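*Asks:* Following this message is one structure expressed as C-alpha coordinates.
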Amino acid sequence: GRPILERALKQACEKGESCDLELEFLPATGGRIWVRTICRPFMESGKIIKLAGSVADITDRKQIRESLNRSNRFLQGILDSLSAHICVLDGEGRILHVNKAWHAFALANDAAEAHVGEGINYLEVCEKSEGPDAEMAQSFARGIRSVLRGELASYQFEYPCDSPDVKRWF
(Lines give C-alpha, C1' and ligand atoms only; values in the text may rest on other atoms or scores of the structure.)
Protein backbone atom coordinates (compact mmCIF):
# COMPACT_ATOMS: atom_id res chain seq x y z
CA GLY A 1 0.00 0.00 0.00
CA ARG A 2 2.82 2.42 0.76
CA PRO A 3 4.14 2.78 -2.85
CA ILE A 4 0.60 3.46 -4.08
CA LEU A 5 0.06 6.08 -1.38
CA GLU A 6 3.40 7.74 -2.14
CA ARG A 7 2.55 7.87 -5.85
CA ALA A 8 -0.87 9.41 -5.11
CA LEU A 9 0.63 12.05 -2.82
CA LYS A 10 3.26 12.88 -5.44
CA GLN A 11 0.49 13.32 -8.06
CA ALA A 12 -1.40 15.57 -5.62
CA CYS A 13 1.67 17.73 -5.01
CA GLU A 14 2.84 17.94 -8.63
CA LYS A 15 -0.40 17.90 -10.62
CA GLY A 16 -3.08 18.93 -8.15
CA GLU A 17 -4.91 15.58 -8.37
CA SER A 18 -7.12 14.48 -5.49
CA CYS A 19 -7.01 10.91 -4.26
CA ASP A 20 -9.38 8.57 -2.47
CA LEU A 21 -7.74 5.20 -1.80
CA GLU A 22 -8.40 2.05 0.20
CA LEU A 23 -5.09 0.39 0.96
CA GLU A 24 -3.88 -2.61 2.91
CA PHE A 25 -0.87 -2.20 5.21
CA LEU A 26 1.22 -4.66 7.20
CA PRO A 27 2.18 -2.79 10.37
CA ALA A 28 5.41 -3.61 12.18
CA THR A 29 3.30 -4.85 15.10
CA GLY A 30 1.93 -7.65 12.90
CA GLY A 31 -1.41 -8.39 11.34
CA ARG A 32 -3.03 -6.47 8.52
CA ILE A 33 -4.98 -3.25 8.50
CA TRP A 34 -6.98 -1.45 5.84
CA VAL A 35 -7.04 2.34 5.66
CA ARG A 36 -8.94 4.82 3.56
CA THR A 37 -6.84 7.82 2.59
CA ILE A 38 -8.37 10.94 1.13
CA CYS A 39 -6.20 13.80 -0.07
CA ARG A 40 -7.21 17.10 -1.66
CA PRO A 41 -4.82 19.75 -2.89
CA PHE A 42 -5.62 23.45 -2.41
CA MET A 43 -4.55 25.81 -5.15
CA GLU A 44 -3.92 29.54 -5.17
CA SER A 45 -2.92 31.48 -8.28
CA GLY A 46 -2.42 28.21 -10.16
CA LYS A 47 -0.04 26.78 -7.54
CA ILE A 48 -0.59 24.11 -4.95
CA ILE A 49 -0.31 25.75 -1.55
CA LYS A 50 -1.28 22.84 0.71
CA LEU A 51 -2.72 19.35 0.90
CA ALA A 52 -5.55 18.40 3.22
CA GLY A 53 -6.52 14.86 3.91
CA SER A 54 -7.50 12.14 6.27
CA VAL A 55 -6.65 8.57 7.05
CA ALA A 56 -9.21 6.24 8.62
CA ASP A 57 -8.86 2.65 9.74
CA ILE A 58 -11.50 0.69 7.78
CA THR A 59 -10.31 -2.81 8.75
CA ASP A 60 -13.60 -3.73 10.46
CA ARG A 61 -15.65 -2.55 7.48
CA LYS A 62 -13.48 -4.55 5.05
CA GLN A 63 -13.79 -7.69 7.21
CA ILE A 64 -17.57 -7.32 7.40
CA ARG A 65 -17.77 -6.80 3.63
CA GLU A 66 -15.64 -9.91 2.98
CA SER A 67 -17.78 -11.96 5.38
CA LEU A 68 -20.92 -10.77 3.57
CA ASN A 69 -19.35 -11.64 0.21
CA ARG A 70 -18.53 -15.16 1.46
CA SER A 71 -22.11 -15.58 2.68
CA ASN A 72 -23.50 -14.40 -0.65
CA ARG A 73 -21.24 -16.78 -2.59
CA PHE A 74 -22.37 -19.63 -0.30
CA LEU A 75 -26.05 -18.74 -0.79
CA GLN A 76 -25.61 -18.47 -4.56
CA GLY A 77 -23.85 -21.85 -4.63
CA ILE A 78 -26.75 -23.47 -2.80
CA LEU A 79 -29.35 -21.83 -5.06
CA ASP A 80 -27.44 -22.78 -8.20
CA SER A 81 -27.23 -26.42 -7.09
CA LEU A 82 -31.04 -26.69 -7.21
CA SER A 83 -32.69 -27.68 -10.48
CA ALA A 84 -35.92 -25.83 -9.63
CA HIS A 85 -36.27 -22.28 -10.94
CA ILE A 86 -35.63 -20.11 -7.87
CA CYS A 87 -36.23 -16.37 -7.60
CA VAL A 88 -35.88 -14.69 -4.18
CA LEU A 89 -37.83 -11.44 -3.77
CA ASP A 90 -37.58 -8.77 -1.10
CA GLY A 91 -40.63 -7.31 0.65
CA GLU A 92 -41.27 -4.90 -2.23
CA GLY A 93 -41.02 -7.51 -4.98
CA ARG A 94 -37.47 -6.76 -6.15
CA ILE A 95 -35.39 -9.72 -7.23
CA LEU A 96 -32.59 -10.31 -4.71
CA HIS A 97 -31.28 -13.60 -6.12
CA VAL A 98 -31.99 -15.94 -8.99
CA ASN A 99 -30.38 -19.29 -9.57
CA LYS A 100 -28.85 -20.61 -12.77
CA ALA A 101 -31.96 -22.63 -13.58
CA TRP A 102 -34.21 -19.54 -13.34
CA HIS A 103 -31.86 -17.42 -15.41
CA ALA A 104 -31.32 -20.07 -18.09
CA PHE A 105 -35.05 -20.77 -18.37
CA ALA A 106 -35.92 -17.09 -18.67
CA LEU A 107 -33.33 -16.43 -21.35
CA ALA A 108 -34.21 -19.59 -23.28
CA ASN A 109 -37.80 -18.34 -23.42
CA ASP A 110 -36.90 -14.92 -24.77
CA ALA A 111 -37.45 -13.05 -21.51
CA ALA A 112 -35.66 -9.73 -21.63
CA GLU A 113 -32.69 -9.58 -19.27
CA ALA A 114 -34.19 -6.37 -17.90
CA HIS A 115 -37.20 -8.36 -16.57
CA VAL A 116 -35.52 -11.38 -15.00
CA GLY A 117 -32.35 -10.14 -13.31
CA GLU A 118 -31.41 -9.11 -9.81
CA GLY A 119 -32.58 -5.64 -8.80
CA ILE A 120 -35.67 -5.73 -11.01
CA ASN A 121 -39.06 -5.39 -9.34
CA TYR A 122 -40.57 -8.62 -10.62
CA LEU A 123 -44.03 -7.91 -9.23
CA GLU A 124 -44.18 -4.57 -11.06
CA VAL A 125 -43.19 -6.35 -14.28
CA CYS A 126 -46.07 -8.81 -13.71
CA GLU A 127 -48.52 -6.00 -12.86
CA LYS A 128 -47.64 -4.11 -16.05
CA SER A 129 -47.91 -7.18 -18.28
CA GLU A 130 -49.85 -6.91 -21.50
CA GLY A 131 -51.05 -9.47 -23.96
CA PRO A 132 -52.78 -12.84 -23.68
CA ASP A 133 -51.17 -13.85 -20.34
CA ALA A 134 -51.47 -10.45 -18.65
CA GLU A 135 -54.33 -11.45 -16.33
CA MET A 136 -52.39 -14.49 -15.06
CA ALA A 137 -49.28 -12.39 -14.41
CA GLN A 138 -51.31 -9.73 -12.62
CA SER A 139 -53.12 -12.38 -10.55
CA PHE A 140 -49.74 -13.86 -9.59
CA ALA A 141 -48.51 -10.42 -8.47
CA ARG A 142 -51.66 -9.83 -6.39
CA GLY A 143 -51.23 -13.19 -4.66
CA ILE A 144 -47.58 -12.63 -3.83
CA ARG A 145 -48.32 -9.11 -2.56
CA SER A 146 -51.03 -10.57 -0.30
CA VAL A 147 -48.41 -12.86 1.27
CA LEU A 148 -45.95 -9.98 1.63
CA ARG A 149 -48.61 -7.88 3.42
CA GLY A 150 -49.40 -10.78 5.76
CA GLU A 151 -52.94 -11.21 4.42
CA LEU A 152 -52.20 -14.78 3.34
CA ALA A 153 -49.86 -17.29 4.98
CA SER A 154 -49.03 -18.84 1.59
CA TYR A 155 -50.04 -18.61 -2.03
CA GLN A 156 -50.19 -21.24 -4.72
CA PHE A 157 -50.75 -20.53 -8.40
CA GLU A 158 -50.58 -22.96 -11.31
CA TYR A 159 -50.06 -21.51 -14.75
CA PRO A 160 -49.00 -22.57 -18.23
CA CYS A 161 -45.63 -21.34 -19.41
CA ASP A 162 -45.08 -22.82 -22.81
CA SER A 163 -42.01 -22.32 -24.91
CA PRO A 164 -42.15 -22.44 -28.70
CA ASP A 165 -41.51 -26.20 -28.66
CA VAL A 166 -42.60 -27.44 -25.20
CA LYS A 167 -45.88 -27.20 -23.29
CA ARG A 168 -45.34 -26.76 -19.51
CA TRP A 169 -47.22 -25.96 -16.33
CA PHE A 170 -45.76 -24.36 -13.25
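*Asks:* How far, in nm, would the chain grow between R65 and L89 when pulled straight, counting 0.36 nm per residue and subtracting the alpha carbon separation?
*Replies:* Taking R65 through L89 to full extension adds about 6.5 nm, to one decimal.
*Asks:* Also, quick follow-up: For the chain, what is the mean residue ellipticity at 222 nm derived from helices alone (per DSSP H run of n ≥ 4: -39500 (n - 2.57); sum divided by total residues; nearest 500 deg cm²/dmol)?
*Replies:* Result for the chain, helices only: -13000 deg cm²/dmol.
*Asks:* A further question follows. With each pseudo-label sitting 7 Å past Cα toward Cβ, what's the D133-D80 distance in nm, one decimal?
*Replies:* Spacing of the two 7 Å Cα→Cβ label points: 2.6 nm.
*Asks:* Also, quick follow-up: Could you order peptides 87-95, 21-29 by the average number of other Cβ atoms within 10 Å of their residues, highest first?
*Replies:* Final packing ranking: 87-95, 21-29.
*Asks:* Taking the alpha-carbon distance from K100 and a cut-off under 30 Å, which lysines remain once sequence neighbours fewer than 8 residues away in the same chain are dropped?
*Replies:* Within reach: K62, K128, K167.
*Asks:* While we're looking at this one, here's another question. Can you put M136, M43 in order of accessible area, largest first, using a 1.4 Å probe?
*Replies:* Sorted descending by solvent-accessible area, the residues read M43, M136.
*Asks:* Okay, moving on. Is there a quick way to get the dipole size of the chain? I mean about its Cα centre, with the Cβ of Lys and Arg at +1 and of Asp and Glu at -1; what is the value in debye to the nearest 20?
*Replies:* Here the chain has a charge dipole of around 1020 debye.
*Asks:* State the percent of C-alpha pairs, over all pairs in the chain, separated by a distance greater than 22 angstrom.
*Replies:* 64
*Asks:* Can I ask one more? Relative to a virtual label point 7 Å from the Cα of E17 in the Cα→beta-carbon direction, which members of the range 41-71 show backbone nitrogen distances below 15 Å?
*Replies:* 41
*Asks:* Please report, in cubic angstrom per residue, the volume enclosed by the convex hull of the alpha-carbon atoms of the range 40-111.
*Replies:* Spread over its residues, the Cα hull of the range 40-111 gives 208 Å³ apiece.
*Asks:* Could you give each residue of the range 151-161 its phi-based ³J(HN,Hα) in whole Hz, using Karplus coefficients 6.51, -1.76, 1.60 with θ = phi - 60°, and x for Gly or Pro?
*Replies:* Residue by residue, the range 151-161 yields 6, 10, 6, 8, 8, 10, 8, 9, 8, x, 9 Hz.
*Asks:* In whole angstrom, how far apart do the alpha carbon centroids of the range 54-119 and the range 145-160 sit?
*Replies:* Taking the Cα centre of each part, the range 54-119 and the range 145-160 sit 22 Å apart.
The values are calculated or read from the model by the stated rules, or taken from the named source; none is laboratory data. Just so it is clear, the structure is predicted and the values come from calculations on it, not from any experiment. Heads up, the Cβs are rebuilt from the backbone with ideal geometry, glycines too, and the neighbour counts pull from every protein chain shown. Calculation scope for accessible area: heavy atoms of the full protein, side chains included, ligands and nucleic acids excluded. Shrake-Rupley method; radii C 1.70, N 1.55, O 1.52, S 1.80 Å.
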